[in-house]
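Asker: Right, I'll just put the structure down here and ask away after.
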Amino acid sequence: MDRRRVVITGLGAVTPLGLSAGRTWEGLREGRCGIGLIRAFDPVGFTCKIAGQVGQYDIRDYVPKSHRKATKLMSRDIELSVIAAAEALADGAVATRGTDPERINIDPERFAINLGAGLISCDLVELAPAVAAGARDGRFDIRKWGADGLSLVTPLWLLKYLPNMLACHIGIIHDIQGPSNTVTCAEASGHIAIAEAAAIIERGDSDIALCGGVEAKVNPVVMIRQCLVGRATSRGNDNPESACRPFDAAATGAAFGEAAAMVLIEGLDHAEGRGARIYAEILGSGQSTNLNPVYEHLEPDGAGVRIAIEKALADAGIGPDDLDLVIPHGTGIPQDDLAEARGIEAVLGASTSQVPVWPTKSMVSNTGAAAGAVDVVAAARVVTDGVIPAARNYERPIEGCRLNIVREPIETKVRHVLCCSYTYGGQTAAVVLRNTNP
Amino acid sequence: MTARQYKHRVVITGMGIVCPLSHDVQGLWEALMAGKSGANYNTIFDASTFPTTFDAEVKDYDVSARTSHPEFHAQGNRGSTFVVGAAAEACRQAGIDVETDHPTDGIDRTRMGIYLGAGEGSVDNDVFMAAIVKAWDNERHQMDWGKWAQVAFDGMSPVRELEQEPNMPAGHLAVLTGARGPTRSCLTACAASTQAVGEATMMIRRGDADVMLAGGAHSMIHPLGVMGFNRLTALSTRNDSPQTASRPFSAGRDGFVLGEGAAIVILESLESARKRGAPVLAEVIGYGSSADAFRVTDMHEEGRGGAQAIIAALRDAGISYQDVDYINTHGTSTSENDSVETKAIKAVFKDKAKSIPASSVKSMLGHLIGAAGAAELITCVLAIREAVVPPTANLHDPDPELDLDYVPNEPRKMEVNVALNESFGFGGQNNVVIIRKYRGD
């Protein structure tokens, strides 16, 4: 029995490089850097004061009139996801209740959504007056807070911060009634969400799906967490654009950021039936986990990454020689980059010196649950445009790394791209895209 | 109707739970049969001035008795510590060796995965609140981030901060079991662990794994969690009577009782279970997922999404609504859920709706949020195996609008061949799993 084939027919992205997938891809091609000093709050006192931040937008420009009121219930993560979803649908020529109710061309019950989302931290400035009302003599008193503070919190407060609300807002705007899931595997979420959505289409539970990942990490609670565990670089504050250096000998840690990235995917039969433009095929995926009790880091031999890639290649039915590009997780944390390199090298074997490897986080930053999806959007453009951009901030390899990091842009036909990711907490994932152009 | 064709059939070969009623499956069943309530006044933090002063807590639980790596697992958030205990119990029943580095249970660890519907851990409340109090200037309505960072850096622990991430419980299970197969965590509010069980079933059916530890872990019994639910007016405020507060489908229901816990089922391909000689407790035959796509704040009035998920699960199982013997409802004890859920059941089960027993164990267990669906699935397996349906407790004042057979107050002896488990979540998430008695075929 042949598997139903699944293809990408729309792209959407909001990243530090631009408010669209097109602008993001331009930035990647030019090697621009979206990382700068934090503007969202004053990072005085933070060991890391830099991040990848999305430019100015007005969320009301991106939602239909019927959903304007609901923008009050949107955390930044929700806003970014709503913008990226609108782009992916328009790019895929899908008309919905929210975009063009007269010309809806998709069956809402056969339409799925599957997003990777982060742990959304609340807006401290919004919460602070209520917390202050719970202070007695300069100390927080929970009894006073219960009595005097709670009523100052907006009644629907919780709904802004549930991770599944990203998919729910999008589903409400565009009438997506099929299977809906929210994957919360931190930095591996984007790939897992795309893999799961592809499986849902493959088994016939939906014909079309919006999938990807979203996270707005430029929040003091999130940023301090990455500072505390020592993943965020503390040495790039004077020179943000060269701070994040995946696989480079001078790397000192990661730069975090915010993004939403989505792909519209559908059964090949469905895409052909409606004459949709096809970017690439999702050929296979694989997943595993690290087994490292020091769970903020990858295990030194990268075994979890290796197993995920092996499973993805087996699922795709291809070998390492069939790969023309690997987009790694590559965070700029030296010990993790080295461990990931070992995992990738173990799979590529003799092909290691041939297969180009292109890390993106030196330009986009580490956008957490969005990261893998940003890379899949980039991979879709690589295969359609026939160009692999150069890695930014890569000069000398980190000692022990044999990967063939792309130093100059390569114009070539790319048959297959492997994207892989891992996260603190253990989960690893890999997705293989195939070029469907003749 | 015929079942859809998958490569593999999926059976349940082990179960484990840590919940307000017990720290094991046997204890859970005894409590449900006795109609016990897990609710009482909040002892986790001082909620005496909150609109709701009670909850359903896991009490006297010690994770270090459940694992040979106690220091590592004890640093997890509450959900993580619970799920380690639940998984240890489930693995023991399924004959999965988690105590040695070189297991001899015959399961290839790269073919063993994990799928949890798991929630976030609590913020470190003392430091979190102290930092805001110190840094907030109420008159100028602004935060002094330098002051905030100083309190936060001085007070916060890196491990505790990282353990708040919702993927950490799955990480703990990987370390516990050595699983190297596909590992996922999802968070679709109160429907999460039913989704985890459903998607994990699909992964085995597709051939991505032979064994999956599936279930949920969650505790929202922390100040921001209770505050959030209280502001939504989702919690019961029956502070004078915690044990009768969760009263699904009754006229006097006024909200759910916030619980916590973890539940794990071992899902396994039938071939793997047979090869290992593992006990087959039930077969998972259907899964359906849908979204209301209606409103951020409300369920679809007619239960459209819930009905769609039930229909999708029946279709997946290849059975008719007439084949269902027992419905384990989401039954939260909120005015809205119980009314909408009743409508959804009527829409799907038509002429048979009023004659299928449909109970809510949340009346005793409380609402385990992300972990609720998996905990309730375990009660479905027990109903099949024990030939007894658990009751809806505290149902003494029926709502005249709600006229299904909710199995009021007393368990009911009856053969259950097919049980259907419903979970609905905030934002309009609907997930349904159907299990069937395994007859050795």
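Asker: Pick out, from segment B:1-112, the strands (runs of 3 or more DSSP E) lying fully within it that include 2 or more residues that are among the β-branched types (V, I, T) and crowded, with 23+ Cβ neighbours inside 10 Å.
Answerer: Working: elements: B:10-18, B:39-41, B:54-56.
Result: B:10-18.
Asker: Please list, ordered by first then second residue, the pairs with beta carbon atoms under 6 Å, 6 or more apart or interchain, first in segment A:195-224 and in a helix (DSSP H, G or I), second hydroxyl-bearing (S, T, Y).
Answerer: Listed by first residue and then by second, the contacts come to A:A195/A:S285; A:I200/A:S206; A:V221/A:S121; A:V222/A:S121.
Asker: Could you please let me know if A:L37 is surrounded by fewer than 24 Cβ atoms within 10 Å (Cβ to Cβ) and more than 28 Å from A:E102 (Cβ to Cβ)? Steps first, please.
Answerer: Numbers: surrounded by fewer than 24 Cβ atoms within 10 Å (Cβ to Cβ): yes; more than 28 Å from A:E102 (Cβ to Cβ): yes.
Yes; evaluated as a whole, the condition is true for this residue.
Asker: Looking only at residues that are aliphatic (A, V, I, L, M) and surrounded by fewer than 24 Cβ atoms within 10 Å (Cβ to Cβ) in segment A:294-313, which one is nearest to B:R180 (Cα to Cα)? Spell out how you get there, then give the answer.
Answerer: First, pick out the residues of segment A:294-313 that are aliphatic (A, V, I, L, M): A:294, A:298, A:303, A:305, A:307-309, A:312-313.
Checking which are surrounded by fewer than 24 Cβ atoms within 10 Å (Cβ to Cβ) leaves us with A:294, A:303, A:313.
Working: A:V294: 16, A:A303: 9, A:L313: 16 Å.
By that ranking, first place goes to A:A303.
Asker: Can you report the number of residues in segment B:8-31 which are of a type in the set (D, E) and either at pLDDT below 95 or within 14 Å of B:M212 (Cα to Cα) (or both)? Step through it out loud before you land on a result.
Answerer: Step one: list which residues in segment B:8-31 are of a type in the set (D, E), which gives B:24, B:30.
Imposing the further condition that a residue be either at pLDDT below 95 or within 14 Å of B:M212 (Cα to Cα) (or both) reduces the set to none.
Residues meeting the conditions: 0.
Asker: Are any residues in segment B:124-163 within 7 Å of chain A (Cβ to nearest Cβ), outside any helix (DSSP H, G or I) and touching a residue at least 24 places away in the same chain (Cβ under 8 Å), and if so, which ones?
Answerer: Answer for segment B:124-163, where residues must be within 7 Å of chain A (Cβ to nearest Cβ), outside any helix (DSSP H, G or I) and touching a residue at least 24 places away in the same chain (Cβ under 8 Å): just B:M156.
Asker: Need the failing condition index for A:E102 against (1) within 23 Å of the chain's Cα centre (by Cα); (2) surrounded by fewer than 18 Cβ atoms within 10 Å (Cβ to Cβ); (3) not hydrophobic (A, V, I, L, M, F, W, C); (4) not in a loop (DSSP other than H, G, I, E, B), just the number.
Answerer: Exception for A:E102: condition (1).
Asker: Another question about this same structure. Facing chain B (nearest Cβ under 7 Å) and among the aliphatic types (A, V, I, L, M): does that describe A:A88? Break it down into steps so the answer makes sense when it comes.
Answerer: On the way: facing chain B (nearest Cβ under 7 Å): no; among the aliphatic types (A, V, I, L, M): yes.
So A:A88 fails the test.
Asker: A:P129 is checked against (1) of a type outside the set (A, V, I, L, M, F, W, C); (2) out of contact with any His (no Cβ under 8 Å at 6 or more places or on another chain); (3) within 7 Å of another protein chain (Cβ to nearest Cβ) and fails just one. What number does that condition carry?
Answerer: A:P129 satisfies every listed condition except (2).
Asker: With the structure loaded, tell me whether B:D405 is in contact with a Pro (Cβ under 7 Å, 6 or more places away or on another chain) and either in a strand (DSSP E or B) or not basic (K, R) (or both) or whether it fails that test. Outline the logic, then answer.
Answerer: Values: in contact with a Pro (Cβ under 7 Å, 6 or more places away or on another chain): yes; either in a strand (DSSP E or B) or not basic (K, R) (or both): yes.
Here the answer is yes, as B:D405 does meet what is asked.
Asker: A further question follows. Would you point out the residue of segment B:295-333, among those that are outside any helix (DSSP H, G or I), within 14 Å of chain A (Cβ to nearest Cβ) and in contact (Cβ under 8 Å) with a residue 40 or more places away in the chain, that is nearest to B:N417 (Cα to Cα)? Steps first, answer last, please.
Answerer: Applying the first criterion (outside any helix (DSSP H, G or I)) to segment B:295-333 yields B:295-303, B:318-320, B:324-333.
Adding the requirement that they be within 14 Å of chain A (Cβ to nearest Cβ) leaves B:295-300, B:302-303, B:318.
Imposing the further condition that a residue be in contact (Cβ under 8 Å) with a residue 40 or more places away in the chain reduces the set to B:295-296, B:299-300, B:302-303, B:318.
Values: B:R295: 36, B:V296: 37, B:M299: 30, B:H300: 31, B:E302: 29, B:G303: 26, B:G318: 15 Å.
Applying the filter and picking the extreme gives B:G318.
Asker: When segment B:360-394 is examined, which residues are found to be crowded, with 24+ Cβ neighbours inside 10 Å, of a type in the set (D, E, K, R) and either closer than 19 Å to B:I12 by Cβ or at pLDDT below 95 (or both)?
Answerer: Correct list: B:E376 only.
Asker: Of all residues in segment A:395-438, count the ones that are polar (S, T, N, Q) and in contact with a helix residue (DSSP H, G or I) (Cβ under 6 Å, 6 or more places away or on another chain). If you could, list the steps in order and put the result at the bottom.
Answerer: Going residue by residue through segment A:395-438, those that are polar (S, T, N, Q) are A:404, A:412, A:421, A:423, A:427-428, A:435-437.
In the following step, the residues that additionally are in contact with a helix residue (DSSP H, G or I) (Cβ under 6 Å, 6 or more places away or on another chain) were identified as A:404, A:421, A:423, A:427-428, A:435.
Looking only at that region, the number is 6.
Asker: Of everything in segment B:190-240 that's buried (at least 24 other Cβ atoms within 10 Å of the Cβ) and polar (S, T, N, Q), which residue is farthest from the other protein chains (Cβ to nearest Cβ)?
Answerer: Across segment B:190-240, the extreme among qualifying residues is B:S236.
Asker: Under 8 Å between Cβ atoms, at least 6 apart or on separate chains: pull out the pairs that start in segment A:298-319 with a residue that is more than 13 Å from A:H416 (Cα to Cα) and end on any residue that is part of a helix (DSSP H, G or I) and of a type in the set (S, T, N, Q).
Answerer: A:L298/A:Q335; A:P300/A:Q335; A:I307/B:T110; A:K311/B:T110
Asker: Follow-up. Within segment A:411-428, restricting attention to residues that are of a type in the set (V, I, T) and outside any strand (DSSP E or B), which residue is surrounded by the most Cβ atoms within 10 Å (Cβ to Cβ)? Please lay out each step first, then the result.
Answerer: Taking segment A:411-428 first, the residues of a type in the set (V, I, T) are A:412, A:414, A:417, A:423, A:428.
So of that shortlist, the ones also outside any strand (DSSP E or B) come out as A:412, A:414, A:423.
On the way: A:T412: 13, A:V414: 23, A:T423: 28.
Taking the candidates together, the pick is A:T423.
Asker: I'd like to check something: does segment B:255-273 contain any residue that is among the charged types (D, E, K, R), assigned to a helix (DSSP H, G or I) and either touching a Pro at 6+ places or on another chain (Cβ under 8 Å) or crowded, with 23+ Cβ neighbours inside 10 Å (or both)? If you could, list the steps in order and put the result at the bottom.
Answerer: We begin by selecting, within segment B:255-273, every residue among the charged types (D, E, K, R); these are B:260, B:268, B:271.
Retained after the next criterion (residues that are assigned to a helix (DSSP H, G or I)): B:271.
Within this subset, residues satisfying the condition of being either touching a Pro at 6+ places or on another chain (Cβ under 8 Å) or crowded, with 23+ Cβ neighbours inside 10 Å (or both) are none.
Scanning segment B:255-273 turns up no residue that is among the charged types (D, E, K, R), assigned to a helix (DSSP H, G or I) and either touching a Pro at 6+ places or on another chain (Cβ under 8 Å) or crowded, with 23+ Cβ neighbours inside 10 Å (or both).
Asker: Filter segment B:174-189 for residues that are within 9 Å of chain A (Cβ to nearest Cβ) and not in a loop (DSSP other than H, G, I, E, B); which is surrounded by the fewest Cβ atoms within 10 Å (Cβ to Cβ)?
Answerer: Just the residues of segment B:174-189 that are within 9 Å of chain A (Cβ to nearest Cβ), to begin with: B:174-175, B:178-189.
Then keep just the ones that are not in a loop (DSSP other than H, G, I, E, B); that gives B:174-175, B:183-186, B:189.
Details: B:A174: 28, B:V175: 21, B:T183: 33, B:R184: 32, B:S185: 34, B:C186: 35, B:A189: 27.
Across segment B:174-189, the extreme among qualifying residues is B:V175.
Asker: So which of A:C48, A:C122 ends up being more than 30 Å from A:G275 (Cα to Cα) and touching a Cys at 6+ places or on another chain (Cβ under 7 Å)?
Answerer: Values: A:C122 fails: touching a Cys at 6+ places or on another chain (Cβ under 7 Å).
Only one candidate qualifies: A:C48.
Asker: Considering only segment A:348-368, I want to know if a residue exists there that is under 20 Å from A:A316 (Cβ atoms), aliphatic (A, V, I, L, M), in a helix (DSSP H, G or I) and over 21 Å from the mean Cα position of the chain (by Cα).
Answerer: Filtering segment A:348-368 for residues under 20 Å from A:A316 (Cβ atoms) gives A:348-352, A:354-358.
Add one more test, that the residue is aliphatic (A, V, I, L, M), and what stays is A:348, A:350, A:355, A:357.
With in a helix (DSSP H, G or I) added as a condition, the list becomes A:348, A:350.
Among the residues that remain, those that are also over 21 Å from the mean Cα position of the chain (by Cα) are: A:348, A:350.
Taking every residue of segment A:348-368 in turn, at least one turns out to be under 20 Å from A:A316 (Cβ atoms), aliphatic (A, V, I, L, M), in a helix (DSSP H, G or I) and over 21 Å from the mean Cα position of the chain (by Cα).
Asker: Is segment A:370-382 home to any residue that is over 30 Å from A:L19 (Cβ atoms), modelled with pLDDT of 95 or more and out of contact with any Ser or Thr (no Cβ under 7 Å at 6 or more places or on another chain)? Even if it seems obvious, please write down each step before you answer.
Answerer: Restricting attention to segment A:370-382, the residues satisfying the condition of being over 30 Å from A:L19 (Cβ atoms) are none.
No, segment A:370-382 contains no residue that is over 30 Å from A:L19 (Cβ atoms), modelled with pLDDT of 95 or more and out of contact with any Ser or Thr (no Cβ under 7 Å at 6 or more places or on another chain).
Asker: Pick from A:A380, A:A370: which is under 27 Å from A:G236 (Cα atoms) and touching a residue at least 60 places away in the same chain (Cβ under 8 Å)?
Answerer: On the way: A:A380 fails: under 27 Å from A:G236 (Cα atoms).
Unique residue meeting the criteria: A:A370.
Asker: Specify which of the listed residues (B:G121, B:G113) is out of contact with any Cys (no Cβ under 8 Å at 6 or more places or on another chain) and facing another protein chain (nearest Cβ under 8 Å).
Answerer: The match here is B:G113.
Asker: Of B:G228, B:G215, which residue is in the same structural domain as B:D397 (by TED's automatic domain parsing) and in contact (Cβ under 8 Å) with a residue 40 or more places away in the chain? Can you show your working first?
Answerer: Values: B:G228 fails: in contact (Cβ under 8 Å) with a residue 40 or more places away in the chain.
One residue alone meets the criteria, B:G215.
Asker: Among the residues of segment A:117-133, what is the count of those that are of a type in the set (G, A, S) and either within 22 Å of B:A189 (Cα to Cα) or assigned to a loop (DSSP other than H, G, I, E, B) (or both)?
Answerer: Within segment A:117-133, the first condition is being of a type in the set (G, A, S), and the residues that meet it are A:117-118, A:121, A:128, A:130, A:132-133.
Now drop any that are not either within 22 Å of B:A189 (Cα to Cα) or assigned to a loop (DSSP other than H, G, I, E, B) (or both), which leaves A:117-118, A:121, A:133.
Count: 4.
Asker: Return a yes/no flag: does segment A:271-293 have any residue that is crowded, with 24+ Cβ neighbours inside 10 Å and in a loop (DSSP other than H, G, I, E, B).
Answerer: yes
The values are calculated or read from the model by the stated rules, or taken from the named source; none is laboratory data. Bear in mind the structure is a predicted one, so any value in this text is a computation, not a measurement. Every residue, glycine among them, receives a Cβ derived from its backbone with ideal geometry; neighbour counts consider all protein chains shown.
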